[in-house]
Amino acid sequence: MTAIETGRVVAVVGTGTMGQGIAQVALVAGHPVRLHDAMPGRAAEAATALLARLDRLVEKGRLGPAERDAARARLRPATHLSELADAGLVVEAVLEDLTVKRALFAALEDIVGDDCVLATNTSSLSVTAVAGGLRRPGRGVGLHFFNPAPLLPLVEVVGGFATDPRVAQDAYDTVLAWGKTPVRSEDTPGFIVNRIARPFYAEALRVYEEGGADAATIDAVLRESGGFRMGPFALTDLIGQDVNESVTRSVWEAFSYDQKFTPSLAQRRLVESGRLGRKSGRGWFPYGEDAEAPAAPHTAAPEAAPASVSVHGDLFSASVLPELIAEAGIDVVREDDAEPDHPGWIELPGGTRLFLADGSAADNADLPVIHFDLALDYRAATRIALAPASRVDEASLAHAVGLFQALGKDVSVIADVPGMIVSRTVAMLVDFALDARARGVATGEAVDTAMRLGVNYPRGPIEWGADLGARWVLTALELLHDEYPTGRYAPSQALRRLAAALEDDAS
Ligand SMILES: NC(=O)c1ccc[n+]([C@@H]2O[C@H](COP(=O)([O-])OP(=O)(O)OC[C@H]3O[C@@H](n4cnc5c(N)ncnc54)[C@H](O)[C@@H]3O)[C@@H](O)[C@H]2O)c1
């Protein structure tokens, strides 16, 4: 362990939302902490606010009064940068502007000692660029905390092109000693979380733009079937539509306008109209005391279940469904007539086939087909989405609805969009994660940890992809790519290689 000793001063420059949170973490960990902000009086205000938060922690019994008093004695606002001369680590959390951050780092370098580490909390700028103007760029590193920093455990430790590996390791060890969960990331646009999470928002927005379903239904399906803590529409209302869109734009620009990261027109309109989310009283949904009730997700009225169904071939990650159907008292007849390696299906008495949504539209088949969406866990899911082809008659759709209702699920019937909602979202997240791993952005373990802790995903995408099978994910994306041949869904080389390697192993 080469964590910076607790006796050494940690300075935080920029005492807004993030700076205050980071200062609290370092202070509670035992360091003397200096706060500095360019706006006169702001550092002192931040110190007062931080101490008030410590008081609340004492009231809640999460911090001892003696610890609080000791912490108070270690905290000091600094009017001038020169007061940070003895810092062992400076974390900057100033305005997200490269010129401002570079100028600050240059000024700090004239003040602090040679062994002082200079860390940036930037979300979207290149750490290499922020540290690029330093005389010793090796001491520059990214420490990307998540908001609220005292509560969220994840910290991305970002090594820039010139970062000294020992500095990155010291920064990692320091954050670990502070009780956080650090993950190492290369200096790429969006680092780990803000890069890999893009499709979570983008696919929902695309389904909405295509008229697949409304925002409330898409959110409900991702929560109750996909297992995500919040749906993307409610989550971006919380983050701020402007903030979320600007992260999307900055990652898109940094990847030279790669199709895979294209921002959404619907979100642009929302931002332009001032519907920024909770902070403006309205985003995708209304907020505030006088707000009308938000729209409910589409939920089908009760229908009768069929007395029996037949199951043909392999249902892949939905293979538990026949068991659940039988448990619901519906006869399940097993048939062996599916082609090997082709997706299996559940057949309703009238001949309509239910397939797990891949990347195709249900209408592409010559038969009456209904797609059902992917669930994180079909047993635990409380909602399932169905997308019927146009040739499916009303009675068969009612049977399909009744079948899933008999399993205790709410059912949302959506339009026939390729890949539905959860399938296309998860397939893209898995592909983005595999691509990031293959390009050396982070290890698979770091990617999964970052997505679970940084954005609360129910599973890490690498692990999720392994469960779904690389072949299934690849097929889903190939079919989506056929539907939308823009390049957005072109499977990554990493996914294609992984699927091929697994097939070689199996043969
Ligand atoms: N808010 C988030 O959710 C979040 C999460 C992770 C990272 N970040 C990053 O953290 C940084 C700060 O974000 P924030 O949300 O806390 O911003 P904020 O607006 O709440 O605070 C920024 C503070 O920096 C001060 N400041 C501006 N220029 C300065 C300078 N040259 N020297 C000293 N102080 C200066 C401002 O007076 C302000 O107090 C940004 O780089 C942002 O991208 C933000």
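Listed by position, the helices (runs of 4 or more DSSP H) contained in the stretch 388-479 that have at least 1 residues being more than 22 Å from residue 183 (Cα to Cα) are 394-406, 422-438, 461-468. State whether the residues of the stretch 12-33 include one that is more than 10 Å from the ligand (Cβ to nearest atom), in contact with a Leu (Cβ under 7 Å, 6 or more places away or on another chain) and either more than 18 Å from residue 179 (Cβ to Cβ) or part of a loop (DSSP other than H, G, I, E, B) (or both). No, the conditions are met nowhere in the stretch 12-33. Taking the criterion of being hydroxyl-bearing (Ser, Thr, Tyr), more than 19 Å from residue 11 (Cβ to Cβ) and within 10 Å of the ligand (Cβ to nearest atom), the residues of the stretch 105-159 that qualify are 123, 124. Only residues that are surrounded by fewer than 18 Cβ atoms within 10 Å (Cβ to Cβ) and of a type outside the set (A, V, I, L, M, F, W, C) were counted in the stretch 170-183, giving 3. Checked against the criterion of being crowded, with 22+ Cβ neighbours inside 10 Å and either acidic (Asp, Glu) or touching a Cys at 6+ places or on another chain (Cβ under 6 Å) (or both), the candidates 110, 37 yield just one match: 37. Count of the stretch 304-347 residues, restricted to those that are outside any helix (DSSP H, G or I) and buried (at least 17 other Cβ atoms within 10 Å of the Cβ), is 15. Of all residues in the stretch 487-497, at least one satisfies being among the basic types (Lys, Arg) and part of a helix (DSSP H, G or I).
With respect to (1) in a helix (DSSP H, G or I); (2) within 16 Å of the ligand (Cβ to nearest atom), the lone exception for residue 52 is condition (2). Of all the residues in the stretch 204-235, those that are part of a helix (DSSP H, G or I), touching a Pro at 6+ places or on another chain (Cβ under 8 Å) and of a type outside the set (A, V, I, L, M, F, W, C) number 2.
Flag not set for residue 350, criterion: in contact with a Lys or Arg (Cβ under 9 Å, 6 or more places away or on another chain) and either part of a loop (DSSP other than H, G, I, E, B) or of a type outside the set (A, V, I, L, M, F, W, C) (or both). With respect to residue 9, determine if the residue is more than 32 Å from the chain's Cα centre (by Cα), more than 16 Å from the ligand (Cβ to nearest atom) and crowded, with 22+ Cβ neighbours inside 10 Å. Taking the combined requirement at face value, the residue satisfies it.
Among residues of the stretch 319-347 that are under 23 Å from residue 471 (Cα atoms) and touching a residue at least 24 places away in the same chain (Cβ under 8 Å), none has a Cβ under 7 angstrom from a residue that is β-branched (Val, Ile, Thr) and in a loop (DSSP other than H, G, I, E, B) at a sequence gap of 6+ or on a separate chain.
Read-outs throughout are calculated quantities, based only on the coordinates presented, and are distinct from any laboratory measurement. Not measured: the values here are computed from a predicted model. As a convention, Cβ positions derive from the backbone with ideal geometry for all residues, glycine included, and neighbour counts pool all protein chains shown.
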